[in-house]
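To start, the structure under review is shown below, and the notes come after it.
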Amino acid sequence: MGKITIAIDGYSSTGKSTIAKELAKSLNYVYVDTGAMYRAITLFAIENNCIVDHEIDFKKLIGLLPKAKLKFQFNDELGFSEMFLNGKNVEKEIRSMRVSKEVSKISVIPEVREKLVNMQREMGNSKGIVMDGRDIGTIVFPNAELKIFMTASPDIRASRRYKELISRGENVEFEEVLKNVRERDYIDSNRASSPLVKAQDAILFDNSDMGLKEQFERIHYYALQVIDKNKKNA
Ligand code: DC
């Protein structure tokens, strides 16, 4: 009883998923990483030759979309869900630069958004969910009880993403990562379909100078306050 919907939106590499995952764990809520869904469709497009020389064959991809079956499967050992595309664990592949470079272009396609937003709404039907993405508080769950909009400077975000990629063994240059962060900011914020904007009732959360512990404590506190209020009003 009293379970709420928590929407965490914001720019890429602001650490949304780290905080969202931890928050879901501490509240015993389900966590959904919607970026993983857009990344999986991007991988699907690459694997089915719908992206050639960075050009998208929209007609082909839209025709093939019903064949892209996405599923989150909880991994007990890791303590979070992993993304499966047509039965294959693609968790590692969808985080690669190969996918990051194309994902913003795939996520502007209205048919892709419609398919994924429908899935997301279904997953959140029974509340008790922490979902992170770009349009969760504005489009997917405009009535979410708690909305957070995360931001940080592009340099800080690129350096966080660079460290993550290097630790995973990817051979990348910092400048390339920074360029990708800026490009994604631009495309995500300027696309016609569900652009990245802060919902009016979202809490603006700039974590440029904040460690993970402080971020978690603050957001956890907001969540407990809203859950408490929700219980009293029930
Ligand atoms: O959160 P992320 O960096 O893994 O997201 C990858 C891309 O997917 C991002 O550039 C924009 C897109 N995306 C989106 O358009 N809507 C969402 N709800 C989540 C992600």
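Looking only at residues of region 161-188 that are more than 21 Å from residue 107 (Cβ to Cβ) and assigned to a helix (DSSP H, G or I), we find that the one that is most open to solvent (accessible area, probe 1.4 Å) is 163.
Quick grid of which residues meet (1) surrounded by fewer than 16 Cβ atoms within 10 Å (Cβ to Cβ); (2) over 30 Å from residue 111 (Cα atoms); (3) without any contact (Cβ under 8 Å) to a residue 60 or more places away in the chain:
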position	(1), (2), (3)
190	yes, no, yes
198	no, no, no
201	yes, no, no
224	yes, yes, yes
230	no, yes, no
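Beta carbons closer than 7 Å, at least 6 apart along the sequence or on distinct chains, never pair a first residue in region 35-50 that is within 10 Å of residue 99 (Cα to Cα) and within 13 Å of the ligand (Cβ to nearest atom) with a second that is assigned to a loop (DSSP other than H, G, I, E, B) and open to solvent by 20 Å² or more (accessible area, probe 1.4 Å). For region 43-61, the count of residues that are modelled with pLDDT under 95 and in a loop (DSSP other than H, G, I, E, B) is nonzero. Within region 2-55, the residues that satisfy the criterion of being open to solvent by 20 Å² or more (accessible area, probe 1.4 Å) and on the phi > 0 side of the Ramachandran plot are 15, 28, 49, 53, 54. Among the criteria (1) more than 10 Å from the ligand (Cβ to nearest atom); (2) open to solvent by 10 Å² or more (accessible area, probe 1.4 Å); (3) of a type outside the set (A, V, I, L, M, F, W, C), the one residue 128 does not fulfil is (2). Screening residue 120 on (1) open to solvent by less than 60 Å² (accessible area, probe 1.4 Å); (2) in a loop (DSSP other than H, G, I, E, B) shows it passes everything except condition (2).
The values are calculated or read from the model by the stated rules, or taken from the named source; none is laboratory data. Since the structure is predicted, the reported quantities are computational estimates derived from the model, not experimental observations. Every residue, glycine among them, receives a Cβ derived from its backbone with ideal geometry; neighbour counts consider all protein chains shown. We work out accessible area using only protein heavy atoms, side chains counted, and drop any ligands, DNA or RNA first. Shrake-Rupley method; radii C 1.70, N 1.55, O 1.52, S 1.80 Å.
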